[in-house]
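The values are calculated or read from the model by the stated rules, or taken from the named source; none is laboratory data. Computed from a predicted structure; not experimentally measured. Neighbour counts run over all protein chains shown; Cβ positions are idealised from the backbone, glycine included.
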There are 2 protein chains.
Amino acid sequence: MTLMESLQDFQTPAPEAALNRTGDLRKELKRAGLNGFLVPKHEASPLNEERLAWLFGFTGSMGFGAVAGERAALFVDGRYVLQAREQVPDEAVEQGSLTREHIAAWLGETLKAGDKLGYDPWSHNVDEAGWLARVCGDIGAELVACESNPLDALWKNRPPAPSGAIRAHPIEYAGKESSAKIEDIAGDLEKLGLDAAVLDRGDSIAWLLNVRSTDAPHTPIILSRVILSSDGSLDWFVSAERFGESPPDTLPPGIRVHAAEDFAAALKGLKGKKVVLDKRSAADGIRLHLENAGAKLSFERDPCQLPKACKNRIEQDGARAAHIRDGVALCRFLAWLDDALESGKAVDEIGAVKKLEAFRIATGHLQDISFDTIAGSGPHGAMMHYRVSESSNRRLCEGELFLVDSGGQYLDGTTDVTRTIAVGKPNDEVRRHYSLVLKGYIALACARFPKGTTGAQLDGFARQALWSAGLDYNHGTGHGVGSFLDVHEGPARISKGGDDVALCAGMILSNEPGYYRDGAYGIRIESLVLVTPAQSIEGGDREMLGFKVLTLAPFDSSLIDVALLDAEERAFVDAYHQRVREIVSPLLEDEHERAWLEKATRVL
Amino acid sequence: MTLMESLQDFQTPAPEAALNRTGDLRKELKRAGLNGFLVPKHEASPLNEERLAWLFGFTGSMGFGAVAGERAALFVDGRYVLQAREQVPDEAVEQGSLTREHIAAWLGETLKAGDKLGYDPWSHNVDEAGWLARVCGDIGAELVACESNPLDALWKNRPPAPSGAIRAHPIEYAGKESSAKIEDIAGDLEKLGLDAAVLDRGDSIAWLLNVRSTDAPHTPIILSRVILSSDGSLDWFVSAERFGESPPDTLPPGIRVHAAEDFAAALKGLKGKKVVLDKRSAADGIRLHLENAGAKLSFERDPCQLPKACKNRIEQDGARAAHIRDGVALCRFLAWLDDALESGKAVDEIGAVKKLEAFRIATGHLQDISFDTIAGSGPHGAMMHYRVSESSNRRLCEGELFLVDSGGQYLDGTTDVTRTIAVGKPNDEVRRHYSLVLKGYIALACARFPKGTTGAQLDGFARQALWSAGLDYNHGTGHGVGSFLDVHEGPARISKGGDDVALCAGMILSNEPGYYRDGAYGIRIESLVLVTPAQSIEGGDREMLGFKVLTLAPFDSSLIDVALLDAEERAFVDAYHQRVREIVSPLLEDEHERAWLEKATRVL
């Protein structure tokens, strides 16, 4: 999808649609003997799953719709409150906060004992469906799995399921043969006394089979299903038409490919088997089929998630190469921006986004951007998930900040980087806040920690300087990043809740503290870091891990109040800037850009 | 229990006992048609629950025994590996690590499909029993709840259940009437649409009813059960004989007291009710009875745990008073120790423990010590849960460290403090390690953090300096501490796993980083801290929390390498020492002790 196409998403559909379609759905439910129906919308889902957009006109990336009795409701998180109000008519659809408590309370008010609430078991994961069943149970109502989604019967012109070509992800990028990955995971299953795993995540399958496609926006995953047995045999349920002339040559020969339609029937074959299913990602429909088949379910994490997150040598080398390439594009963009602003040219958010994308395309290797660029000038920078639209577009103004959070998908790696730029001369308060964010960024980047440490234990490092000043930011500090895959991947993260998975060598995570002043400005500094064994420390008695910064783009020195940094922090910035200059400068063809980089990376 | 009595615990029983008793148990199981039986031992359980000591001769504070087929096994954690090897004969009882994985693997090897594994549902919590049922299910075996514990039929001279007098915990210490606590918790239940809570924790009940007894070692809890209804009515199952002449006057008048034996029958009365039960503490027997009665179970945290942890003003004042009193005892002890060592007197671990206890008794307010004192000289200091015995007792030697971790139970508060003392002149490496631990202690003590922050996010602060040096410690950084209750209480903690509960104003937690060199020395610095709203910070835009240190005892300055502290850290130590001196000195009667304190708290 191009930038302009993705901007189309933000055109508000006619509010009447929500009224009419909700009415039609109610009739359909009545016919089916149901008192209500649920319409969830997950992040990064394909167009044919955009039921919430069809029903209510809401196009946010995540939400939860419910129609029950004479009421209808849309639940969204903080990011989408304003957008939902704009897109969805209040009179037809109530709005609530996207939390289990709020949804349960609404259902409790709306349903009565004996009611039947319909749900599409292929639209909810096992964990969510289990929770909904308990909510209904408490009311005395019944959660009823629908054989087919009643909304789909009404949705004319529903887009088809993703059917893009499935391409090989060659060994020069993947670094490990698919057959070896399958063997390892099958071996893990066997060791645990498990017979099979049912895989239902597009990223796990793309990683396991060394294949990529275009099934989610900006994310080269393949929405499909796999049954992997502990003996190493593998059944893949995906349309073979997507292979074109022949299957990708990265696929191990023994793999059996079946039509997606045959998946449910194949689950019957797991009768009596001990089967791993990931509660938090697998569709509840899989659970239902497996339970009906008499399989014994073991709700464990998808066994591909941890090995996928720990990048191998080749993937690590690829990430470094991708970041050098992306760093060149970024430095060119920052040079262009500085130049345009200094020469008094009018620059607006859309113009900047297009220019940045053009520099990435100019690398000759961009497959896609890795998410819709966040480019917030002034107060827009404080809206954490701001996406520019034609109507919101804003010119960069003297004395303001400009926050740009963007990334690229390259065959050898996925990037994600945020830099905040001062337009004109920033005031002291802004420089203080930027410097506090930078101190947090540095504290995390420099952390050494023993094996077994979780992201929750490190999260505070990035906040300590802000906390001491009575400040904070309302988002996590770091998320995992895939290798030409999701720009947000699990299972590790650096955040308050990130205590269930230890950081391991080879993981790539973001380091992105920030500070946001509502209605005024946003500051975020984000680089990707690679978890690596720390150099041995004199007198140390443990194996330690640390981070290596992958991202290569200077910080805006005009935003740094050097007096707030200690000697080690200054040395960190200087060494980083030197590294950026040494690596990127020889790759810049334009002398003017080189001169800019020279200046931007001067010693503090 | 006096120190000498508790030392008796460590006398190893005759190894034959384990052989004979295991054999007797096998016969008993055979009669009952069972193939095995489980014998868990939880922390701080009363003497009549010491089944693992009776069966195998193992007297550690925690463990898990299993007898199945011809095999028997004892699972203990790292603390008790050596002790278990000494106390329990290898030939009769295999030993394993106290983890679910190890226990499940052993059961998997030992049981076969169709076997019946017995368990006492009153000895396992709901969570553990559920896990054991799954383990058995995987084997094809059955977990069978025994009506009575088969081991108790064999145990001659089994001690009676705790029957100590139940005393009032007056409002001048409790700070809030029991009736008000009950009203609040009942109100919380009502708000959540719940009908009742079954309480099964001795600390929750002691707190809720403002009563104390002596039901666990050094811990004035009352092992009993309560059914609290959302209408505020309360049934307490406890022997009324324990009240003496009349019930404690802190008990609200409406409370109904029943014999403990009537509890199971009373659960039947909860038919159709929505009942809160804490999976991780409540006996599985309660779950069985409630399910049989047709109650609807809601597995939530014990509703007393969080409010109990957030001490009210009076409890906070009490904690401050208890710590001043305890600080006087500690300073006197440290002065005595320095004096004895300087004058070349022989001091051994038992002698030091007795002396410290004597100083606490001399305050005139000690109810009990709050746990068996850890007093480890030299290599004993590196054994994290070392308890001195007559056979392990060791003289303090020149050039070594002496780690003393101790606490007192006072009516107005519970204390827990660790100081590490140099015997003679410490070498540079030891001083470096001590200083790194101290830096972590200071970083945590000085932390400011917003409401909602969990202990997991702060844990790293106490480790950062050690981590940078390639070092760490294998224990959590902080645990909650009760108000004349458990010295270890939930629900918050400062540790890797402490991410489920945010720290709240009024909580009392320990701050106890350490460093341990096996076979050589242990360093730990521990003070209790009170979570308090932080003073408003200029330019801050959030409500922040911080810690106030309660403990009053100087650090051993000879162990501090001042060059390793920055200016703020030095100022912290100096200010703390000044505060200790100003508060404690006027309370020392002995001029010699005052002189010692003057010297010990000199500016660095």
- Query: For B:LEU438, which of the numbered conditions (1) outside any helix (DSSP H, G or I); (2) away from chain A (no Cβ under 14 Å) fails to hold?
  - Reply: (1)
- Item | Residue in region A:115-134 that is assigned to a helix (DSSP H, G or I) and over 27 Å from the mean Cα position of the chain (by Cα) present | yes
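So for region A:364-372 (the condition being of a type outside the set (Val, Ile, Thr) and part of a helix (DSSP H, G or I)), does at least one residue qualify?
no
Residue-by-condition table, conditions (1) within 8 Å of another protein chain (Cβ to nearest Cβ); (2) under 15 Å from the mean Cα position of the chain (by Cα); (3) among the aliphatic types (A, V, I, L, M); (4) outside any helix (DSSP H, G or I):
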position: A:VAL430; (1), (2), (3), (4): no, no, yes, no
position: A:TYR434; (1), (2), (3), (4): no, no, no, no
position: A:LEU458; (1), (2), (3), (4): yes, no, yes, no
position: A:ALA465; (1), (2), (3), (4): no, no, yes, no
position: A:LEU471; (1), (2), (3), (4): yes, no, yes, yes
position: A:GLY476; (1), (2), (3), (4): no, yes, no, yes
position: A:ARG493; (1), (2), (3), (4): no, yes, no, yes
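Look at B:ALA32 and say whether it is more than 21 Å from B:LEU82 (Cβ to Cβ), modelled with pLDDT of 90 or more and of a type in the set (A, V, I, L, M, F, W, C).
Judged against the criteria, B:ALA32 is a match.
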- Message: Take the residues in region A:55-102 that are assigned to a strand (DSSP E or B) and of a type in the set (Gly, Ala, Ser); name whichever of them is farthest from the chain's Cα centre (by Cα).
- Response: A:ALA68
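In this structure, is A:GLY476 over 17 Å from A:PHE547 (Cβ atoms) and small (Gly, Ala, Ser)?
no
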- Message: If I filter region A:286-306 for residues that are in contact (Cβ under 8 Å) with a residue 12 or more places away in the chain, over 20 Å from A:ASP200 (Cβ atoms), among the aliphatic types (A, V, I, L, M) and part of a helix (DSSP H, G or I), do I get at least one hit?
- Response: no
- Query: Residues in region B:347-354: is at least one of a type in the set (D, E, K, R) and surrounded by fewer than 22 Cβ atoms within 10 Å (Cβ to Cβ)?
  - Reply: yes
- Those helices (runs of 4 or more DSSP H) completely within region A:143-253 that have 3 or more residues that are under 22 Å from A:GLY506 (Cβ atoms) and touching a Leu at 6+ places or on another chain (Cβ under 9 Å) are A:178-191, A:202-209
- Query: Hey, does region A:184-193 have a residue that's out of contact with any helix residue (DSSP H, G or I) (no Cβ under 6 Å at 6 or more places or on another chain), modelled with pLDDT of 95 or more, surrounded by fewer than 20 Cβ atoms within 10 Å (Cβ to Cβ) and among the small types (Gly, Ala, Ser)?
  - Reply: yes
- Message: Residue under question is A:ALA264, and the condition is that it be more than 16 Å from A:SER163 (Cβ to Cβ), away from chain B (no Cβ under 14 Å) and small (Gly, Ala, Ser); does it hold?
- Response: yes
- If the Cβ limit is 7 Å and pairs must be 6+ apart or interchain, which residue in region A:531-551 that is more than 10 Å from chain B (Cβ to nearest Cβ) and touching a residue at least 60 places away in the same chain (Cβ under 8 Å) pairs with which residue that is surrounded by 16 or more Cβ atoms within 10 Å (Cβ to Cβ) and part of a loop (DSSP other than H, G, I, E, B)? A:PHE547/A:ALA447
- Set B:GLY424, B:GLY364, B:GLY413: member being more than 14 Å from chain A (Cβ to nearest Cβ), surrounded by fewer than 22 Cβ atoms within 10 Å (Cβ to Cβ), over 17 Å from B:LEU337 (Cα atoms) and among the small types (Gly, Ala, Ser): B:GLY364
- Query: Do we find a residue being surrounded by 15 or more Cβ atoms within 10 Å (Cβ to Cβ) and at pLDDT 85 or above anywhere in region B:15-22?
  - Reply: yes
- Message: If I go through region B:495-520 residue by residue, how many of them are surrounded by fewer than 22 Cβ atoms within 10 Å (Cβ to Cβ) and either more than 14 Å from every other protein chain (Cβ to nearest Cβ) or closer than 19 Å to B:ARG320 by Cβ (or both)?
- Response: 3
- Message: Whether any residue in region B:521-538 is of a type in the set (Gly, Ala, Ser), closer than 29 Å to B:ARG493 by Cβ and surrounded by fewer than 18 Cβ atoms within 10 Å (Cβ to Cβ) is what I want to check.
- Response: yes
- Would you confirm whether any residue within region A:443-455 is within 14 Å of chain B (Cβ to nearest Cβ) and within 22 Å of B:ILE537 (Cα to Cα)? yes
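Would you say B:GLU526 is more than 8 Å from chain A (Cβ to nearest Cβ), among the acidic types (Asp, Glu) and touching an Asp or Glu at 6+ places or on another chain (Cβ under 7 Å)?
Details: more than 8 Å from chain A (Cβ to nearest Cβ): yes; among the acidic types (Asp, Glu): yes; touching an Asp or Glu at 6+ places or on another chain (Cβ under 7 Å): yes.
So B:GLU526 fits the description; yes.
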- Item | Residue that is surrounded by the most Cβ atoms within 10 Å (Cβ to Cβ) [pool: residues in region A:86-98 that are in contact with a strand residue (DSSP E or B) (Cβ under 7 Å, 6 or more places away or on another chain) and free of Cβ contacts under 8 Å to residues at least 60 places away in the same chain] | A:LEU98
- Counting only residues that are in a strand (DSSP E or B) and not polar (S, T, N, Q), which one in region B:387-410 is surrounded by the fewest Cβ atoms within 10 Å (Cβ to Cβ)? B:ARG395
- Task: Please verify whether region B:353-367 includes one or more residues that are touching a Lys or Arg at 6+ places or on another chain (Cβ under 9 Å), in contact (Cβ under 8 Å) with a residue 40 or more places away in the chain and acidic (Asp, Glu).
- Result: no
- Index of the failed condition, B:ALA216 passing every other in (1) touching a Pro at 6+ places or on another chain (Cβ under 9 Å); (2) at pLDDT 95 or above; (3) surrounded by 18 or more Cβ atoms within 10 Å (Cβ to Cβ): (2)
- Item | Within region B:267-301, tally of residues that are within 14 Å of chain A (Cβ to nearest Cβ) and surrounded by 21 or more Cβ atoms within 10 Å (Cβ to Cβ) | 3
- Can you confirm whether region A:239-254 contains a residue that is under 22 Å from A:SER123 (Cβ atoms) and surrounded by fewer than 16 Cβ atoms within 10 Å (Cβ to Cβ)? no
- Query: Looking only at region B:554-598, which residues are out of contact with any Asp or Glu (no Cβ under 9 Å at 6 or more places or on another chain) and loosely packed, with under 13 Cβ neighbours inside 10 Å?
  - Reply: B:VAL562, B:ALA563, B:ALA567, B:GLU568, B:ALA575, B:GLU582, B:PRO586, B:GLU589, B:ASP590, B:GLU591, B:GLU598
- Among A:LEU530, A:LEU545, A:LEU471, A:LEU503, which is the only one that is out of contact with any Ser or Thr (no Cβ under 9 Å at 6 or more places or on another chain) and closer than 22 Å to B:ASP459 by Cα? A:LEU471
- Query: Restricting attention to region B:525-545, does a residue exist that is within 28 Å of the chain's Cα centre (by Cα) and in a helix (DSSP H, G or I)?
  - Reply: no
